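Comments concern the structure below.
The values are calculated or read from the model by the stated rules, or taken from the named source; none is laboratory data. These numbers come from a predicted model, not from an experiment. Don't worry about glycine lacking a Cβ; one is built from the backbone with ideal geometry, like all the others, and counts go over all protein chains shown.
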Amino acid sequence: MRIIQILGKGCPSCEKLAENAEVAARELGIEYQLEKVTDLKQIMAHGVMLTPGLVVDGEVKSVGKVLSSDEIKELLH
Amino acid sequence: MWAREWRPLVVIVAVFLLCFYLPVDWLRGSAGLPGAVWEGLYLVRWYAQEHVILCLVPAFFIAGAISVFVSQASVLKYLGAGAKKVVAYGVASVSGTLLAVCSCTVLPLFAGIYGMGAGLGPASAFLYAGPAINVLAIIFTARVLGLELGVARAVGAIVFSVVIGLFMHFIFRKEELEKARIQARLPEPEVKRPLWQNALFFASLVGVLVFANWGEPARETGLWYAIYSSKWLITSVVALALAVILVRWFDLGLWKVGTVVVPTALAALLLPSEPLVAFAVAVLGLSVITSTRGGEPGDWFAESWKFAKQILPLLLVGVLIAGLLLGRPGEEGLIPSGWVSGAVGGNSLLANLFASIAGAFMYFATLTEVPILQGLIGNGMGAGPALALLLAGPALSLPNMLVIRSVIGTRKTVVYVALVVVMSTVAGLIYGAMSR
């Protein structure tokens, strides 16, 4: 079970990133749980200033970028 | 990307063309609706014809280029925990142009600078300057409301942000917060080409925007008029420079750029009295060759398109409402001119204070402050209160006050809001007195 978190206050790029992550996880066929973190304090707790941020299993994988689903697949491997 | 994006594109282009050719006079003769409705439609048509192709579209490309080609990480370095204070204030006050092209990124950055970076002072400076000096807003203000107010807005915002930051730091210096132990995570800056190449690229983009929009000066002599009378020649030269830059440093093939330059030149030569046509051809061509490529040019277009998609619908609604309520300049909408000039006319302390407070609490979607202000000025708002509203408005709104409060607490938020309102009022008074 992988836990994928998208950090951001719901701007269009955050939605896009969440969408790409969902596609990536589904195409890999893994069990996953996707969570959108919109609370600023929690976003800060990850040390992320540039949104959107991508966190996998508690580890910050990217900040300030909308990764493509292929790039996210690499990270999930 | 077009597999998914063609729908919004078709809708936006269709709505734009409809607005551009809207037969308001004909409609008006055939249907009996209140005059204010027609005012709204006239204003929409005027915006579509005057401001979209020459001003907004290039501004979207510039904003898109900033978010792709400027490394945000290298700017944030100067706002980190170890940054020198003087540098931090300076960078915080101007970096809004580079970092905050989307208003939803301002608050996380603010919380980050406050908690993990340079502290409350620079964070407040950034919080204020970020939304107030974003490129799109400044360009659009200068174009619609006049260069003077555009410059006053930019300069006012930069000065304000530093002063507000220093005040916040000074007032709360005793409780400088226990630095969070968390290390800020910043992406590694990626360097793809030397700074001077990027600088020239931006200079050519801004050049096209500035010269294409060069206004007719009052007197028919002097340098300004000389530039005005050959503005399309200058714009073409700058645009050609941009084409060369795209071929040499951005890996867009010579033949591709050529397929844009040649039809543009043809359109310009065949229809010399309709520069809009050539401009539209150039924009369409640039969109096609960048969007069909991956990598940086593709990202550039995708970002620019994102801004257009996000902002244009809001702006359309904003212009319609502004026209409906306030009418075109010189006409009256639903709200009687007397009310406006009574509340915010002239340059009294009360008028400036009222404009500041109204601006601070009201929410303006990106750029909609411009048509609203245009309507207010047309109905007798003074220059001072206009600036006061511009300085207090986009930086603050009730919803974002609540978010700010969740980051820095009630007391600091109240002080911050009070500072913004008081300073906007004072700036309005000074500007109003100067421009009389």
Residues (assigned to a helix (DSSP H, G or I), touching a residue at least 60 places away in the same chain (Cβ under 8 Å) and more than 16 Å from B:L316 (Cβ to Cβ)) located in the range B:1-21: B:W2, B:E5
Residue count for the range B:22-44, restricted to those that are closer than 19 Å to B:L326 by Cα and not in a helix (DSSP H, G or I): 2
Hits in the range B:264-277 (condition: over 19 Å from B:A59 (Cα atoms), buried (at least 18 other Cβ atoms within 10 Å of the Cβ) and out of contact with any Gly (no Cβ under 9 Å at 6 or more places or on another chain)): B:A267, B:A268
Selection within the range B:68-103 - among the small types (G, A, S) and at pLDDT 80 or above: B:A88, B:G90, B:A92, B:S93, B:S95
Those residues of the range B:402-431 which are touching a residue at least 24 places away in the same chain (Cβ under 8 Å) and within 14 Å of another protein chain (Cβ to nearest Cβ), in sequence order: B:V403, B:I404, B:V407, B:I408
Matching residues, the range B:145-165, being more than 17 Å from B:S95 (Cβ to Cβ) and in contact with a Gly (Cβ under 9 Å, 6 or more places away or on another chain): B:G146, B:L147
Selection count where residues are assigned to a loop (DSSP other than H, G, I, E, B) and surrounded by fewer than 24 Cβ atoms within 10 Å (Cβ to Cβ), scope the range B:382-392: 0
Residues being exposed (fewer than 12 other Cβ atoms within 10 Å of the Cβ), assigned to a loop (DSSP other than H, G, I, E, B) and modelled with pLDDT of 80 or more - total across the range B:166-218: 1
Every pair of residues 6+ apart whose Cβ atoms lie under 9 Å, when the first sits in the range B:109-128 and is of a type in the set (S, T, Y) and part of a helix (DSSP H, G or I) while the second is surrounded by fewer than 24 Cβ atoms within 10 Å (Cβ to Cβ) and at pLDDT below 85: B:Y114/A:M44; B:Y114/B:L177; B:Y114/B:V407
Test set (1) within 20 Å of B:F16 (Cβ to Cβ); (2) assigned by TED's automatic domain parsing to the domain that holds B:A427; (3) at pLDDT 85 or above - B:M381 fails condition number: (1)
Cβ-Cβ under 9 Å pairs, at least 6 apart or on other chains, the range B:230-243 side of a type in the set (F, W, Y), far side modelled with pLDDT under 95 and crowded, with 20+ Cβ neighbours inside 10 Å: B:W232/B:F211; B:W232/B:A212; B:W232/B:A268; B:W232/B:A278
Hey, B:L120 closer than 17 Å to B:F364 by Cα, buried (at least 22 other Cβ atoms within 10 Å of the Cβ) and more than 14 Å from the chain's Cα centre (by Cα) or not: no
Of all residues in the range B:333-353 being among the aliphatic types (A, V, I, L, M) and within 13 Å of B:L376 (Cα to Cα), the one that is surrounded by the most Cβ atoms within 10 Å (Cβ to Cβ): B:V344
Spans of helices (runs of 4 or more DSSP H) in the range A:6-77 with at least 1 residues more than 20 Å from B:L109 (Cβ to Cβ) and among the β-branched types (V, I, T): A:12-28, A:69-76
The range B:414-436, subset closer than 12 Å to B:A355 by Cβ and not hydrophobic (A, V, I, L, M, F, W, C), residue surrounded by the fewest Cβ atoms within 10 Å (Cβ to Cβ): B:G432
Unmet requirement for B:L314, which otherwise passes all of (1) within 27 Å of B:A59 (Cβ to Cβ); (2) in the same structural domain as B:L149 (by TED's automatic domain parsing); (3) in a helix (DSSP H, G or I): (2)
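Results for (1) within 30 Å of B:F279 (Cα to Cα); (2) away from chain A (no Cβ under 13 Å); (3) crowded, with 21+ Cβ neighbours inside 10 Å, shown as yes or no for each residue.
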{"site": "B:Q49", "(1), (2), (3)": "yes, yes, no"}
{"site": "B:A83", "(1), (2), (3)": "no, yes, no"}
{"site": "B:A111", "(1), (2), (3)": "no, no, yes"}
{"site": "B:Y114", "(1), (2), (3)": "no, no, yes"}
Members of the range A:14-36 that are within 11 Å of chain B (Cβ to nearest Cβ) and buried (at least 21 other Cβ atoms within 10 Å of the Cβ): A:C14
First in the range B:349-365 and outside the structural domain of B:M401 (by TED's automatic domain parsing), second anywhere and surrounded by fewer than 16 Cβ atoms within 10 Å (Cβ to Cβ) and not in a loop (DSSP other than H, G, I, E, B), Cβ under 8 Å, 6 or more apart: none
Given (1) of a type outside the set (A, V, I, L, M); (2) surrounded by fewer than 19 Cβ atoms within 10 Å (Cβ to Cβ); (3) modelled with pLDDT of 85 or more, number of the condition B:S356 does not satisfy: (2)
All positions within the range B:278-322 that are among the aliphatic types (A, V, I, L, M), surrounded by fewer than 17 Cβ atoms within 10 Å (Cβ to Cβ) and under 13 Å from B:L367 (Cα atoms): B:L314, B:V317
Of all residues making up the range A:37-50, the number that are more than 7 Å from chain B (Cβ to nearest Cβ) and closer than 15 Å to B:V403 by Cβ: 5
Selection from the range B:45-84 of residues that are farther than 26 Å from B:V370 by Cα, among the small types (G, A, S) and assigned to a helix (DSSP H, G or I): B:A73, B:S74
Verdict on B:L334 being within 23 Å of the chain's Cα centre (by Cα) and either more than 20 Å from B:L145 (Cβ to Cβ) or not in a loop (DSSP other than H, G, I, E, B) (or both): no
Subset of the range B:116-163 [more than 14 Å from chain A (Cβ to nearest Cβ) and of a type in the set (F, W, Y)]: B:Y128, B:F140, B:F160
